[in-house]
Amino acid sequence: MNQQEGMKKVTKNILGTDLPPYLYQYRPYNANTLQNLIKRVLWLSKIQILNDPFELKVFFNPEKISQTELRNEWENYKKFMLESSEPYLDLENFKNSLKMSFDSWFESVRESRGVACFSETYQDLLMWGHYAEGHRGICIEYQTDHDVFRHALKVEYSERAIEVAHLKWRQTQESFNEVFLQIFTSKWKQWSYEKEWRLIQENGNKELKIPPALVTRVFLGSRMIKEHEETIKSIIHPPWGEVEKMKESETEYSVYS
């Protein structure tokens with residue numbers, strides 16, 4: 001264990017949630033990973049390419065909106081249409097239009113946003129297997145005491161998809177953000193072993209530059225070949241980070257450094 005872990009001050013994110021002192025990212029060994037290390041950047045993926053087909057599963061349910069909220073919205077809509085001398089929808093069709101509006105809004109947001117995903121642990125066997133090329137890749141340790149990670153959000157796990165049964169997302173920017181964050185930080189509970197945090201940005205498919213000192217360690221997979229080890233060590237070395245090789249326990253289903 002890094003000796004700094006017990007001494008480091010706790011940082012809070014923009015929501016006031018305590019951040020872990022370090023976050024980890026599992027990566028395969030490839031040209032993109034090496035370039036990210038050399039340039040000290042985070043890659044922000046487009047959200048729609050994430051590996052879970054149920055990622056950002058959300059259901060807008062106009063049938064559960066309170067009658068008061070729904071009728072107020074409908075009356076405002078009717079007033080606007082009448083002032084414009086345009087025909088207006090009846091309540092039932094108005095509800096359908098709200099669903100279409102929500103689905104369209106959400107899809108546009110989903111398509112544009114970028115995300116970088118992290119974990120609270122560097123010792124998870126499943127993530128070493130899934131994301132780090134079967135223990136042949138790496139896991140990067142980032143210290144979180146920097147403004148970049150103030151925007152990291154903790155993922156909450158649940159059995160059911162998010163159901164939106166209100167119209168807050170139409171009203172103010174603050175309400176929009178509240179709904180947005182709830183959706184983008186929710187995931188099916190079977191993924192809870194990942195202990196995930198997400199850094200969400202306005203646009204995806206691009207690099208986010210970070211200070212070199214944020215990369216504190218790079219863990220090499222227990223099955224990484226020697227040639228790849230040497231390449232990583234030529235990029236990461238004191239004072240700009242350390243390299244440690246993971247080992248496989250002889251008595252337990254675990255890896256350690």
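Every number in this text was worked out from the coordinates using simple rules, so none of it is lab data. Remember, it's a predicted structure, so these values are computed and weren't measured experimentally. When we count neighbours, we look across all protein chains shown, and the Cβ atoms used for this are built from the backbone with ideal geometry, even at glycine.
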Subject >> Inter-site label distance for Lys99 and Ala161 at 7 Å from Cα along Cβ, in nm >> reply: 1.2 nm
Subject >> Packing-based exposure ordering (other Cβ within 10 Å, fewest first) of Glu174, Glu196 >> reply: Glu174, Glu196
**OP:** Give, in nm to one decimal, the length gained when the segment between Ser175 and Tyr77 is fully stretched (0.36 nm per residue of separation minus the Cα-Cα distance).
**Re:** 33.3 nm
Original post:
Given a Förster radius of 41 Å and the C-beta distance between Gln190 and Glu250 as r, what FRET efficiency does 1/(1 + (r/R0)^6) yield to the nearest 0.05?
Top reply: 0.90
Original post:
Based on the Cβ-Cβ distance from Asp18 to Gln123, what FRET efficiency comes out when R0 is 22 Å, to the nearest 0.05?
Top reply: 0.60
**OP:** Could you size up the charge dipole of the chain around its Cα centre, putting +1 on the beta carbon of Lys and Arg and -1 on that of Asp and Glu, and report it in debye to the nearest 20?
**Re:** 440 debye
**OP:** Could you tell me what percent of the DSSP beta bridges with both partners in the chain are antiparallel, to the nearest 5?
**Re:** 75 percent
**OP:** Can you grab the distance from the C-alpha centre of the stretch 181-257 to the C-alpha centre of the stretch 18-60, Å, no decimals?
**Re:** 10 Å
**OP:** State, as an integer percentage, the relative contact order of the chain based on alpha-carbon contacts under 8 Å between residues 6 or more apart.
**Re:** 30 percent
Original post:
Shape of the stretch 181-239 from its Cα gyration tensor (a ≥ b ≥ c, root eigenvalues): rounded if a/c is under 1.5, otherwise prolate when a/b > b/c, or oblate?
Top reply: oblate
Original post:
What list do you get for Ser222, Ser108 if you sort them by fewest beta carbons within 10 Å?
Top reply: Ser108, Ser222
Subject >> Förster radius 22 Å - calculated FRET efficiency between Thr68 and Arg110 (Cβ-Cβ, nearest 0.05) >> reply: 0.15
